[in-house]
Amino acid sequence: MELNEIIKQLPYSEPFLFVDELLSADENGVTGTYTFKENLDFYKGHFKNNPVTPGVILTETMAQIGMVCLGIFLLNNELQSDTVIAFTSADMEFLKPVYPNEKVTVISEKMFFRFGKLKCSAVMKNEAGQEVCRGILAGMITKRL
Amino acid sequence: MDRKELTEKLKEIIKPYAANTEAHENLTEETDFIKDLNINSANLVDIVLDIEEKFDVVIDNADMERMLDVKTAIEIIETKLAAK
């Protein structure tokens, strides 16, 4: 499957799209990247005069690359208008700060995809290859809830 | 395994997912997972996967769709166990 096709199917847009590129996708997992542009709005307030990427945004980035992109791949690229996506749980650890203009790589492995629930184990690395964030994420990608 | 034993085992599986602990304490065969225990569809999947593991059975999509209350869950597990 064309990796760009997966990104085109994502139900997000600016300023809440946190996927730039997918490097690989298969039955067992995905790898993708995102660069946190310095003009992203939340940097104005997190923190005052000291921009650091919020943990919730790192979590969202992990979910969009690691879970939603993988889910679209597993559904054979068929994200249709009646497909429901819901983020249902995350158990995260934040290991290092991520600053504006940093490029991160998310590597996600499928734990299971059954009855519409996709559960993944994912890590996020910075350009130096250091783990900045890791966790277990789950969501529903299904025709109905 | 008799029905009472099976119900107790199922009750133990459900416990970590039941948002309504009082309804879980008072669980009967009539208890509905979603309406009574406030379990969402994502946790319902976890319960079904735990049932598969604990009872060593395989639940298919059709069973999953019906498994919305304790009574139906027990009946499905009993059928699966009998078929083994």
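Among DSSP bridges having both ends in the protein assembly as shown, what percentage is antiparallel? Round to the nearest 5. Mind showing how you got there, number by number?
Details: 41 of 41 bridges.
Beta bridges within the protein assembly as shown, antiparallel portion: roughly 100 percent.
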Counting other chain Cβ atoms within 10 Å of each Cβ in B:40-51 and taking the mean gives 5
Placing each pseudo-label 7 Å from Cα in the direction of the beta carbon, B:T79 and B:N20 end up separated by a distance in nanometres of 2.6 nm
Charge tally for neighbours of A:A128 with beta carbon under 14 Å away, counting Lys, Arg as +1 and Asp, Glu as -1, is 0
Once amide hydrogens are built 1.01 Å from N within the peptide plane, the residues lying 5 or more places from A:L23 or on another chain with amide H under 5 Å from its amide H are A:T31, A:G32, A:T33
Partner lysines whose C-alpha sits under 28 Å from that of A:K96, ignoring same-chain residues fewer than 8 away, are A:K37, A:K44, A:K48, A:K110, A:K119, A:K125
Distance in nm between B:A62 and B:K9 label points, each 7 Å along Cα→Cβ, equals 2.4 nm
Total charge of the residues flanking A:Q9 in space, meaning their Cβ is under 12 Å from its Cβ, with Lys and Arg +1 and Asp and Glu -1, is -2
Farthest towards the positive end of the dipole of the stretch A:106-145, among A:G139, A:I107, A:A122 and with Cβ unit charges of +1 on Lys and Arg and -1 on Asp and Glu, lies the Cα of A:G139
Given chymotrypsin sites (Phe, Trp or Tyr not before Pro), DSSP loops and at most 15 other Cβ atoms within 10 Å, the longest exposed-site-free stretch of chain A is A:48-145
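Ranked by Cβ crowding within 10 angstrom, fewest neighbours first, how are A:S13, A:S81 ordered?
Details: A:S13 7, A:S81 4.
Placing the least packed residue first, the sequence is A:S81, A:S13.
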Chain A: longest segment with zero exposed trypsin sites (Lys or Arg not before Pro), where exposed means DSSP loop plus at most 16 other C-beta atoms within 10 Å, is residues A:49-142
Scalar couplings 3J(HN,Hα) for the stretch A:88-103 by Karplus 6.51 cos²θ - 1.76 cosθ + 1.60 (θ = phi - 60°), nearest whole Hz, x for Gly and Pro, are 10, 6, 8, 10, 10, 10, 10, 9, 9, x, 10, 9, x, 6, 7, 9
Taking a straight Cα-to-Cα line shorter than 18 Å from B:K84, and setting aside same-chain lysines fewer than 8 residues away, one finds B:K54
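With +1 on the Cβ of every Lys and Arg and -1 on the Cβ of every Asp and Glu, and nothing else charged, how large is the dipole of the protein assembly as shown about its Cα centre, in debye rounded to the nearest 20? Spell out each step's value before the answer.
Details: 25 positive and 39 negative charges, 93 e Å.
My answer is approximately 440 debye.
Residue by residue through B:63-69, how many Cβ atoms from other chains fall within 10 Å of the Cβ on average? Walk me through the numbers on the way to the answer.
Details: counts 1, 3, 1, 0, 1, 0, 0.
For peptide B:63-69, the averaged partner shielding equals 1.
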The FRET efficiency for A:L17 and A:R114, from their Cβ-Cβ distance with R0 = 30 Å and rounded to 0.05, is 0.60
Computed, not fitted: 222 nm per-residue ellipticity of the protein assembly as shown from DSSP H runs ≥ 4 (each -39500 (n - 2.57)), nearest 500, equal to -8500 deg cm²/dmol
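Bear in mind that the values in this text are calculations on the coordinates, not laboratory data. Worth saying up front: this structure is predicted, and the values here are computed from it rather than measured. For neighbour counting, all protein chains shown are included, and Cβ atoms are generated from backbone atoms with ideal geometry for every residue, glycine included.
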